[in-house]
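First up is the structure itself, then whatever we jot down about it.
The values are calculated or read from the model by the stated rules, or taken from the named source; none is laboratory data. Computed from a prediction, not measured in an experiment: that's the story for all the values here. Heads up, the Cβs are rebuilt from the backbone with ideal geometry, glycines too, and the neighbour counts pull from every protein chain shown.
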Amino acid sequence: MRVLHINKSDVKGGAAVAASRIVHALRGMDVEASMLVAEKSGNDASVVSIANSRREKAKVMYYFLQEVAAFLPHEKSKTSRFAFSLARRGFNLHKHPLVLEADLIHLHWFNQGFLSLKGLEKILQLGKPVVWTLHDMWSFTGGCHYAGDCEGYQKSCGHCPVIQDPSHNDISALQHLKKQAAYAEAPLSIVTCSQWLGSVARESSLLQQHAVISIPNPIDTELYAPVPRKEARKRLHLPPDKKILLFGAANVADPRKGMALLLHALKTLSTRKQADQIELVIFGKTPPRLAEKLPFPARLMHYVSDVETLVDLYNAADVFVLPSLEDNLPNTVMEALSCGTPVAAFRIGGVPEMVAHGICGYLAAPGDADGLAEGIEYLLFKCAEQTCRENARDKVLNHFAPELVARQYLNLYQQLLGEKEGGNE
């Protein structure tokens, strides 16, 4: 069984990390799984890039810039620049040898100039079974990656709140029609990483004719594992006697990640009795002068590419906080839990499927910054710490271990390939 996974990157971004973990889990089950990406950043031999020469890499960048430029006339603000994808430019992957050799195609996240809607349609027209693991809502909307309060995707889109020129026949309505045509009669099976996203996808008009099942992302539980906190802090040069609150995201300033709400929660927390015991650690791309806005001493780690350092960060922390307003099944939450670190977050998206309130973390009402502050304080000072950490680790081992997830995907592949063979007899 040859399965080809397609994602724009192999390591950059949450979808890339999740896709790579799925490939590794499948290979552990003796599935011949590989990944096709725009540009390869890691050293995994199972990953193949379409851009190996300077000219090909320039083409990747050119398509990306064309996508950005095409959206600029519709851009509402710089913060929404990558909240909507037009998918007009991309590579003709349907002609790639790995695509032609594969028994089954497994799609992930391919926007920003890697695969266009037209290119997607050509892959669907090959007649091979196609599994599409959704890492956001883009597949069933008119172009936005997260719809927020908008429910236009349940009908036909249009009047899109993400763009500056909404109308009945705007770019979201047009893209919705193009997707409708591309998906019609396609051998397409949809997988969502969270049950939340699955329920939303089933409500969409675009996916009502396709099977939608939920399979969580896996995580390497041997790599993301508990280590002595004192040793982790020593390696990171963090104080041994403080309560460490950890926050991280690819882009901390992304409005969807909730930095404004986190700042509110931290200010509330700074008025509490034990506030002088707290220090912050933040990793990921950070906005200028962020440290000046924080009410606690903070260490900004910026982008962390070394996995061992990331594992130490989770283990050094007493609590990981996720202030996101919209999220699917965040890798950071799973990584923290796998290292035995409890999580404070809002009850949004797929987060409640990972964080059991009062057992391995704390869930505040969506957008309730004071409630989030209460949750952080509870986990730092009031919960049964060792029990909470053990519960966090057990949650991951019992639900997100690689072999558990890989078995679900393998069963799906066998079902789809069996149906195809049966149909050809």
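Quick grid of which residues meet (1) in contact with a strand residue (DSSP E or B) (Cβ under 9 Å, 6 or more places away or on another chain); (2) among the β-branched types (Val, Ile, Thr); (3) modelled with pLDDT of 95 or more; (4) under 18 Å from residue 193 (Cα atoms):
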{"site": "2", "(1), (2), (3), (4)": "yes, no, yes, no"}
{"site": "5", "(1), (2), (3), (4)": "yes, no, yes, yes"}
{"site": "14", "(1), (2), (3), (4)": "yes, no, no, yes"}
{"site": "21", "(1), (2), (3), (4)": "no, no, no, yes"}
{"site": "39", "(1), (2), (3), (4)": "yes, no, no, no"}
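Just a yes or no: is a residue in the range 222-240 within 30 Å of residue 109 (Cα to Cα), crowded, with 20+ Cβ neighbours inside 10 Å, in the same structural domain as residue 391 (by TED's automatic domain parsing) and out of contact with any His (no Cβ under 9 Å at 6 or more places or on another chain)? Walk me through it before giving the result.
Restricting attention to the range 222-240, the residues satisfying the condition of being within 30 Å of residue 109 (Cα to Cα) are 222-225.
Okay, now just the ones that are also crowded, with 20+ Cβ neighbours inside 10 Å, so 224.
Narrowing the set further to residues that are in the same structural domain as residue 391 (by TED's automatic domain parsing) leaves none.
For the range 222-240, residues within 30 Å of residue 109 (Cα to Cα), crowded, with 20+ Cβ neighbours inside 10 Å, in the same structural domain as residue 391 (by TED's automatic domain parsing) and out of contact with any His (no Cβ under 9 Å at 6 or more places or on another chain): absent.
For the range 390-408, does any single residue satisfy the condition of being within 20 Å of residue 261 (Cα to Cα), free of Cβ contacts under 8 Å to residues at least 60 places away in the same chain and either part of a helix (DSSP H, G or I) or touching a strand residue (DSSP E or B) at 6+ places or on another chain (Cβ under 8 Å) (or both)?
no
Yes or no, residue by residue, for (1) without any contact (Cβ under 8 Å) to a residue 24 or more places away in the chain; (2) within 22 Å of residue 235 (Cα to Cα); (3) of a type in the set (Ser, Thr, Tyr); (4) surrounded by fewer than 21 Cβ atoms within 10 Å (Cβ to Cβ):
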{"position": "274", "(1), (2), (3), (4)": "no, no, no, yes"}
{"position": "284", "(1), (2), (3), (4)": "no, yes, no, yes"}
{"position": "299", "(1), (2), (3), (4)": "no, yes, no, yes"}
{"position": "313", "(1), (2), (3), (4)": "no, yes, no, no"}
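Within the range 114-130, restricting attention to residues that are among the small types (Gly, Ala, Ser) and at pLDDT 95 or above, which residue is surrounded by the most Cβ atoms within 10 Å (Cβ to Cβ)? Break it down into steps so the answer makes sense when it comes.
Applying the first criterion (among the small types (Gly, Ala, Ser)) to the range 114-130 yields 116, 119, 127.
So of that shortlist, the ones also at pLDDT 95 or above come out as 116, 119.
Values: 116: 22, 119: 20.
Result: 116.
Please find, within the range 302-330, the residue that is nearest to the chain's Cα centre (by Cα) out of those that are of a type in the set (Ser, Thr, Tyr) and in a loop (DSSP other than H, G, I, E, B).
Within the range 302-330, the first condition is being of a type in the set (Ser, Thr, Tyr), and the residues that meet it are 303, 305, 309, 314, 324.
In the following step, the residues that additionally are in a loop (DSSP other than H, G, I, E, B) were identified as 303, 305, 324.
Values: 303: 16, 305: 16, 324: 12 Å.
Selected residue: 324.
Which one of these does residue 206 not meet: (1) touching a helix residue (DSSP H, G or I) at 6+ places or on another chain (Cβ under 7 Å); (2) hydrophobic (A, V, I, L, M, F, W, C); (3) more than 30 Å from residue 158 (Cβ to Cβ); (4) buried (at least 16 other Cβ atoms within 10 Å of the Cβ)?
Going through (1) touching a helix residue (DSSP H, G or I) at 6+ places or on another chain (Cβ under 7 Å); (2) hydrophobic (A, V, I, L, M, F, W, C); (3) more than 30 Å from residue 158 (Cβ to Cβ); (4) buried (at least 16 other Cβ atoms within 10 Å of the Cβ) one by one, residue 206 breaks only (3).
How many residues, within the range 200-227, are in contact (Cβ under 8 Å) with a residue 40 or more places away in the chain and assigned to a loop (DSSP other than H, G, I, E, B)? Full working, then the answer.
Residues of the range 200-227 in contact (Cβ under 8 Å) with a residue 40 or more places away in the chain: 200-201, 203-207, 213, 215-221, 223-227.
From what's left, assigned to a loop (DSSP other than H, G, I, E, B): 204-207, 215-221, 223-227.
Of the residues in that region, 16 qualify.
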